[in-house]
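Taking it in order: structure first as C-alpha cells, then the write-up.
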Amino acid sequence: MIPGYFGRLLIATVLALAAPTLVCGQPPRIEQQGDAYRIVVQGKPMLILAGELGNSSASSEAYMAPHWARLKAMHLNTVLAPVSWELIEPEEGHFDFSSADMLIRNARAHGLHLVLLWFGAWKNSMSTYVPSWVKRNQRRFPRAALADGSGLEILSALAPANEQADARAFGALMAHIKAVDGEQNTVLMVQVENEMGMLPVARDYSPAASAAFRQPVPRALIDYLVAHRHTLQPELKALWEAQGAPTQGDWSKVFGGGDASAEIFTAWSYARYTDGITRTGKQAYDLPMYVNVALNRPGRRPGEYPSGGPLPHLIDIWKAGAPALDMLSPDIYFPSFGAWAERYHLPENPLFIPETNGAGSPRTGANAFYAFGALQAIGYSPFSIESIDQKPDTVISQAYSVLEQLAPVILAQQGRHRIFGFKARVLYDGTVLDLPVTAKIGDYLFTATFLDRWVDKARQDVAAHAAIVIQTGPEDYLIAGSGVTFTFKCADAAAPLAGIDRDEEGELDASGVFRPGRLLNGDQTNQGRYVRLEPDHYQIQRVRLYRYH
Ligand code: DGJ
C-alpha cells in the first residue's frame, strides 16, 4: 500500500512538474477545433481582440507611454506593432533590438500581447524601411526597374542578395524574440513584410526579372495547379483554363499574356521571396506567421493597384509559392467588409484581419462581430488604434468588452456550427442592403432585422448593426450585439410556431458563466414577439425558446 501511495505521489509530482514545462515550452500555434482555426497560447485558445498602431508610433517609447493603459482599458488584448529593419540593423551585422524589447516590456507591463510586423524590404509596395546601408548600395542590393530601365525605390525580389540580407535580419529578430519571450509568449504571431505589391507596373523589368519572366513557369506551380484544379480561386481557374490548362510553357503561354500573366509572375516571385524569409524566421523561432495584403479596386489594372500581393485572385499562387506561411490576411479599407473577409475564410486559410479603416467608426464593432460570428476569425484589428484611445467609450471598446465576455463560450463552441454572425450586406460602392437574414440555429429559424423600428430611421446606420448568436443548449442561446431584432420560428415547417420562454439581459464572468440582470418581457420583447438588441450600445441576452401549436 505504501509503495502504491508513494508511487502515485511520485507520478503526481512528475506530472505537476512536467505539465507547465510542456505548455510553456511550446510557442503559440494555430490549431483546429472542428472546422474552425484558433490560436493557442500557453495551452489555451484565445480570440485576438487587437488594434494596429500607426506606422511611426512604436518608434518612440515616450510617444507610446500614455497609450498602453488606454488600449488595455479599451478591452484590447493584443497590439499590432511594427519592428523595422532600419532600427534593428542600423549597421550591417550589428543588431540593436531595443525597439522590440521596448514593445515587449511595455506590452507585458499592461497585460497585453503583441503581433509584431516585420517592416523589412517591403512596406506598402516600397522599400523605405530598409537600413541606409541597403538603400545606398544599389549595386549590391538591386532595385526593381521600369521597362525603360529606370530604378524604383523597391528592392527586386529576383535578387538573391536582397532576400539573404532581409532573411538574416529577420532570423536574428526571431532568435532574439525567442530568447527574451520564448517562455512568456507576449508575442503571439509575426507579420512578414507589409503589403507586398508592385507599383506602378504589373511586374519588375530589371534584367534578372525579365530573364526569369522568359523562363518556363516553375514545375512546383504547375503541379499545384493540377493538384488543386477543382478548388482554385475562380479568376485563376478561368485564366488557366482559357489557355487549355497547359502544364508547361512560359508565363504568357500558361496564363494568357498581358498584365494578368505579369501579375501572376510577380505574385510567384514575391511568394517565393517571402517563403524564404519566413523559413529563416521560423527556424529561429516557430511562431505563426502571415502576410497582409492591400486589396485591389475592381476595374483597375495591376500596377495601378499593388500588383502581385496575396490578393483574392492570387491566393493559390501564394499558397503554392509560400507554404511556410500560416495565413494570407486582408487589410480591409473598403465598405464591403464582409465580401472581402469571406474570400480569405477558406479551409486552408485561417482568417485574421490585421487592418481595417475607421477605428473610431460605429461600423468597426459590427465588422468585428461579423468576423468572429460568421467567419470564425482568429483575430481582428482596426488600424491606427491609438488615434482614438482618448475617447473613453468608443464603439470598438464596447464591442470588444462584449467579445471579451463571449470569448470563453465562442472558444468552447467554435467549429461546431453553433455560432452565427448577422450583419447587413454592404456593397463595394457603399450601398447597404437592408434585407432581413434568416438562419437555422439548432431547431429554430432566427430572422434578423437590421433597421430598428423604435429609432428614427434617419438616425440609424444599419451597417453598424450586428449580432452573434451562440447555441448553448437545445433551446438555449446567447444573443449579443447592437441594433439587431430577432424573430423566431421552428425549423419544422409543419409546426412552425415558436415563442420566447425566457429572455434575460446580463454579463458573462471571466469563465463564461452568465450573470443575469433584468428579466426582459413586456415592452422590451414587444410582448414576446422578438428579442431586441438596441442600437448604439452592445449587450448580451440569454434566451430560451419554446415551441407551441
Ligand atoms: C495599410 C498599411 O499596411 C499600413 O501600414 C498603413 O500604411 C495604412 N495602409 C494606411 O495608412
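The values are calculated or read from the model by the stated rules, or taken from the named source; none is laboratory data. Computed from a predicted model, the values in this text were never measured in an experiment. In this analysis, Cβ positions are derived from the backbone assuming ideal geometry, glycine residues included, and neighbour counts consider all displayed protein chains.
A few notes on this one:
- Of the residues making up the range 477-511, just one is in contact with a helix residue (DSSP H, G or I) (Cβ under 7 Å, 6 or more places away or on another chain), outside any strand (DSSP E or B) and modelled with pLDDT of 95 or more, namely G483.
- Residue within the range 43-62 that is exposed (fewer than 13 other Cβ atoms within 10 Å of the Cβ), of a type in the set (A, V, I, L, M, F, W, C) and more than 30 Å from A374 (Cα to Cα) present: yes
- In the set R297, R301, only one residue is of a type in the set (D, E, K, R), under 17 Å from L199 (Cβ atoms) and touching a helix residue (DSSP H, G or I) at 6+ places or on another chain (Cβ under 7 Å); that residue is R301.
- If you check E183, E193 for being within 16 Å of the ligand (Cβ to nearest atom), in contact (Cβ under 8 Å) with a residue 24 or more places away in the chain and under 25 Å from the mean Cα position of the chain (by Cα), only one passes: E193.
- Strands (runs of 3 or more DSSP E) contained in the range 41-85 and holding at least 1 residues within 16 Å of the ligand (Cβ to nearest atom): 48-52, 78-84
- Of the residues in the range 257-269, at least one is surrounded by 13 or more Cβ atoms within 10 Å (Cβ to Cβ), in contact with a Gly (Cβ under 6 Å, 6 or more places away or on another chain), of a type in the set (A, V, I, L, M) and under 26 Å from L346 (Cα atoms).
- Checked against (1) at negative phi; (2) out of contact with any helix residue (DSSP H, G or I) (no Cβ under 6 Å at 6 or more places or on another chain), G34 passes all but condition (1).
- In the range 494-512, the residues that are hydrophobic (A, V, I, L, M, F, W, C) and buried (at least 17 other Cβ atoms within 10 Å of the Cβ): A498, I500, L508
- Test: residue in the range 218-231 that is crowded, with 17+ Cβ neighbours inside 10 Å and part of a loop (DSSP other than H, G, I, E, B): no
- Near pairs, Cβ below 8 angstrom, 6+ apart or cross-chain, from the range 237-250 (more than 14 Å from F265 (Cα to Cα)) to any residue that is assigned to a loop (DSSP other than H, G, I, E, B): A242/G256; Q243/G256; Q248/V217
- Selection from the range 199-217 of residues that are closer than 14 Å to W268 by Cα and surrounded by 21 or more Cβ atoms within 10 Å (Cβ to Cβ): A202, R203, D204, A209, V217
- Members of the range 513-525 that are exposed (fewer than 15 other Cβ atoms within 10 Å of the Cβ) and either within 29 Å of the chain's Cα centre (by Cα) or assigned to a loop (DSSP other than H, G, I, E, B) (or both): V513, N521
- Helices (runs of 4 or more DSSP H) completely within the range 333-420 that count 3 or more residues being more than 16 Å from the ligand (Cβ to nearest atom), in contact (Cβ under 8 Å) with a residue 12 or more places away in the chain and buried (at least 24 other Cβ atoms within 10 Å of the Cβ): 363-374, 395-413
- Filter result for Y333 (closer than 21 Å to A36 by Cβ and among the hydroxyl-bearing types (S, T, Y)): no
- The residues of the range 110-140 that are away from the ligand (no atom under 16 Å from the Cβ), buried (at least 21 other Cβ atoms within 10 Å of the Cβ) and farther than 19 Å from A58 by Cβ amount to a single one, V134.
- Only a single item in (1) modelled with pLDDT of 95 or more; (2) out of contact with any His (no Cβ under 9 Å at 6 or more places or on another chain) is not met by A284, and it is number (2).
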